[in-house]
Amino acid sequence: MKIGIIACGAIVRELIAIANRRGWDYELTAVPAQLHNRPERIAPAVAKKLDTWADRFDRILIGYADCGTIGALDSLLARYPHAVRIPGPHCYEFYGGALFDQQAERQPGTFYLTDFLAHHYEGLVIKSLGLDRRPELRDIYFGNYEELLYLRQLPDQNESERARAAAARLGLAYSEIDSGLDELEQRLVELIESEPR
């Protein structure tokens, strides 16, 4: 089976690790992670990739959860029976699985960081939200958060130092867990092995 992967730039490394471990015959292209700050732009960006890829692959994995598109990705994919996205609302949930559910239940006011987001925190959070120029906005954006949880996907890419610094900068309590890639891998395998819609 020839697999195309259209992925959010924030999870490219993890998708490559899983695809290589599984020995899939795949080709991957990325969509900029910065689009998460403007989720209404995600589905149109994915559509451009799909239009050029639709006939080249047996299955196309869309490396996104819903990611704030409010169903726009699913509406787009309804036109492509062999294209499937990762189930779930966002990457924190498909990395964390039951651990995410437990944390969300215990502390709804949690700000989550993945390896990618912790590594690019300064650019994707501080600069893109204007906190470098207007630090007083911190309490407007983050006033309802109480804790920062760092979900570590790949131990050899440990970003805990940056994640701790982010928590301190936001005035949040810090915790971390090794989420790994098992939950994401299981979902991807199910997508590859499922019958086209």
Which is at positive phi and surrounded by 20 or more Cβ atoms within 10 Å (Cβ to Cβ), of Cys91, Cys67? Cys67
Any residue in region 102-114 that is crowded, with 22+ Cβ neighbours inside 10 Å, among the hydrophobic types (A, V, I, L, M, F, W, C) and touching a residue at least 12 places away in the same chain (Cβ under 8 Å)? yes
Turns out the helices (runs of 4 or more DSSP H) fully within region 73-165 with at least 3 residues that are touching a strand residue (DSSP E or B) at 6+ places or on another chain (Cβ under 8 Å) and either modelled with pLDDT under 95 or farther than 30 Å from Thr52 by Cα (or both) are 91-96, 98-106
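Results for (1) among the hydrophobic types (A, V, I, L, M, F, W, C); (2) under 20 Å from the mean Cα position of the chain (by Cα); (3) surrounded by 14 or more Cβ atoms within 10 Å (Cβ to Cβ); (4) more than 22 Å from Ile42 (Cα to Cα), shown as yes or no for each residue.
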site	(1), (2), (3), (4)
Gly71	no, yes, no, no
Ala83	yes, yes, yes, no
Leu124	yes, yes, yes, no
Asp132	no, no, no, yes
Pro135	no, no, no, yes
Asn144	no, no, no, yes
Gln153	no, yes, yes, yes
How many residues are without any contact (Cβ under 8 Å) to a residue 60 or more places away in the chain and under 10 Å from the mean Cα position of the chain (by Cα) if we restrict to region 85-101? 4
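The values are calculated or read from the model by the stated rules, or taken from the named source; none is laboratory data. Just so it is clear, the model here is predicted, and its values are computed rather than measured. Cβ coordinates were reconstructed from backbone atoms using ideal geometry, including for glycine residues, and neighbour counts include every protein chain displayed.
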